[in-house]
Amino acid sequence: MSREIILGSIAAIVMAIAPASAAGTPSPKDAEAYIIWPPDGAVISGGKLWVRMGLRNMGVCPKGVELPNVGHHHLLIDTELATDGQIPLDRNHVHFGAGETEARIELPPGKHTLQLLMGDHNHEPHDPPVHSKKISITVR
């Protein structure tokens with residue numbers, strides 16, 4: 001077999017599997033992330049609050065754990081949901097890579113939005129993405 005035929009065969013195999021591997025880690029179609037507390041529309045005094053995170057039909061695990069149907073929470077604060085590529089690590093994207101399901105956060109006075117997005121072992125959204133609805137809270 002010639003070198004060109006072998007290289008052509010390898011290229012065809014890579015192209016055939018590339019689209020499947022380009023998609024994110026699969027999630028169960030009925031998985032759902034949700035914010036347990038605070039409720040939508042809550043008014044918080046003082047700015048320090050607990051956020052309690054929920055998840056249905058999927059498991060929570062620390063970052064780096066590559067198993068089916070598991071992930072870890074990311075809290076999106078005052079930002080839009082983006083499900084392409086790795087979830088940023090900044091003041092608007094809080095990672096809970098130890099598998100936390102609750103956390104104490106502090107926000108300045110004003111109106112804020114909160115939303116959860118599940119990430120896989122590489123901090124990338126699942127396919128399809130598993131996220132909560134966006135809620136609004138006010139800090140006094």
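Quick note: the coordinates plus some simple rules give every number you see, no bench work behind them. What you are looking at is a predicted structure, and each value in this text was computed from that prediction instead of being measured. Positions of Cβ are generated from backbone atoms using ideal geometry, with glycine treated the same way; all protein chains shown enter the neighbour counts.
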Problem set entry | Dimensionless Rg/Rh of the stretch 22-93 - Kirkwood Rh, Rg from C-alpha atoms | 0.98
For this session: Enumerate the lysines that Lys63 could reach by cross-link, defined here as Cα to Cα under 29 Å, with residues fewer than 8 away along the same chain left out.
Result: Lys29, Lys48, Lys133, Lys134
Exercise. Which ³J(HN,Hα) values in Hz, rounded to whole numbers, follow from the phi angles of the stretch 71-82 under the Karplus curve 6.51 cos²θ - 1.76 cosθ + 1.60, where θ = phi - 60° and Gly and Pro get x?
Worked result: x, 9, 6, 10, 9, 9, 10, 6, 8, 8, 6, 10
Exercise. Roughly how big is the stretch 54-140's charge dipole about its Cα centre, with Cβ charges of +1 (Lys, Arg) and -1 (Asp, Glu), in debye to the nearest 20?
Worked result: 460
Seminar exercise, completed: Residue-ordered couplings for the stretch 118-135, obtained by feeding phi - 60° into the Karplus form 6.51 cos²θ - 1.76 cosθ + 1.60 and rounding to whole Hz (Gly and Pro as x), are 7, x, 8, 4, 9, 6, 10, x, 6, 10, x, x, 10, 8, 8, 6, 7, 10
